[in-house]
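The values are calculated or read from the model by the stated rules, or taken from the named source; none is laboratory data. For clarity, every value in this text was computed on a predicted model and none was experimentally measured. Note: ideal-geometry Cβ built from the backbone for every residue, glycine included; neighbour counts use all protein chains shown.
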Amino acid sequence: MISALLWHDKSQALAMSRRLIRSMLDEKLILRRELPGTGVDCFTLSAAGARQLNADMGVNAKSGASLPLGNVVHRAASNWYVIQHICLNNRAWTEHEIQTGRSPIREVDGKVPDFLIELPEHGGVIFGEVENAWKARQARARIKDFCVNHLPRNTQLSLLAPEQYLLRVVILGTTPSAINAMVRTLAEAHEAGELTDSQAGEIDLILLPVDKSFNPGEMVVENLYWQRLA
């Protein structure tokens, strides 16, 4: 992820990121932690690294020594998608930033985004939902209700926060079955007349598999209306 974020256009990106990590470990700016039950390491800020970010850049950083690592597949998929947009010079907020109150939108009608992408030229944001496992009907209904209530039924965009309008919803799945379960709920809402054609056209379905080392596979993009409902 560091390679993709900092040196996505360099042939020696992995080597450069490894050197950077070794240097930061030697300087005790980051900590090496094993992701539970995976045998894969991740890196979080140390207390010294957090102090340096606070002092040099004014970032409200904290040590990640006791940071809950959560659902790592879910977090990895979200991060990979955000990194792609950052590399396109779009402002984006990760799941961690949103959950720690560092994004312009924290929650909308009880729904917390898994990532946010700002598209300044369009005057709004993409609201992201990550699906990496089968989800109960009630949980899928909350996502459906968010789409029905906040995606535009006409030309009027929904204001989620000051100067932050909802442009699209992206449902990012790590498996086809996770996406298909969500599609069934949205298709039922569309058939019942709850979800309009125009709203369905503003929902993108993205398959982004993540392997055992949390590297991304090939990304497949579909539109709910044009590829699944029309």
**Message:** When the residues of region 139-171 are narrowed to those that are of a type in the set (V, I, T) and within 20 Å of the chain's Cα centre (by Cα), which ends up surrounded by the most Cβ atoms within 10 Å (Cβ to Cβ)?
**Reply:** I171
**Request:** Quick one: count up the residues across region 175-203 that are surrounded by 18 or more Cβ atoms within 10 Å (Cβ to Cβ), in contact with a strand residue (DSSP E or B) (Cβ under 8 Å, 6 or more places away or on another chain) and of a type outside the set (A, V, I, L, M).
**Result:** 1
**Prompt:** Residue check, E27 against (1) out of contact with any helix residue (DSSP H, G or I) (no Cβ under 7 Å at 6 or more places or on another chain); (2) surrounded by 16 or more Cβ atoms within 10 Å (Cβ to Cβ); (3) outside the structural domain of L119 (by TED's automatic domain parsing); (4) modelled with pLDDT of 95 or more, all met but one. Which one?
**Reply:** (2)
**Complete:** Only unsatisfied item for S46, checking (1) over 21 Å from the mean Cα position of the chain (by Cα); (2) surrounded by fewer than 16 Cβ atoms within 10 Å (Cβ to Cβ), is (2)
**Prompt:** Can we say R137 is more than 20 Å from W80 (Cβ to Cβ) and either touching a strand residue (DSSP E or B) at 6+ places or on another chain (Cβ under 7 Å) or among the acidic types (D, E) (or both)?
**Reply:** no
**Prompt:** Take the residues of region 49-75 that are in contact with a helix residue (DSSP H, G or I) (Cβ under 9 Å, 6 or more places away or on another chain), more than 29 Å from D211 (Cα to Cα) and small (G, A, S): which is surrounded by the most Cβ atoms within 10 Å (Cβ to Cβ)?
**Reply:** G49
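Would you check which residues across region 30-43 are among the basic types (K, R) and either surrounded by fewer than 13 Cβ atoms within 10 Å (Cβ to Cβ) or under 15 Å from H96 (Cα atoms) (or both) and list them? I'd like the intermediate steps shown before the answer.
Of the residues in region 30-43, the ones among the basic types (K, R) are 32-33.
Answer for region 30-43, where residues must be among the basic types (K, R) and either surrounded by fewer than 13 Cβ atoms within 10 Å (Cβ to Cβ) or under 15 Å from H96 (Cα atoms) (or both): just R32.
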**Request:** Give the residue, chosen from S17, S23, that is among the hydroxyl-bearing types (S, T, Y), part of a helix (DSSP H, G or I) and either in contact with a His (Cβ under 7 Å, 6 or more places away or on another chain) or over 27 Å from L88 (Cα atoms) (or both).
**Result:** S23
**Asked** Restricting the search to region 68-116, which residues are free of Cβ contacts under 8 Å to residues at least 40 places away in the same chain and in contact with a His (Cβ under 7 Å, 6 or more places away or on another chain)?
**Response** A92
**Prompt:** Which fully enclosed helices (runs of 4 or more DSSP H) of region 126-230 have 2 or more residues being touching a residue at least 12 places away in the same chain (Cβ under 8 Å), among the polar types (S, T, N, Q) and closer than 26 Å to N79 by Cα?
**Reply:** 176-191
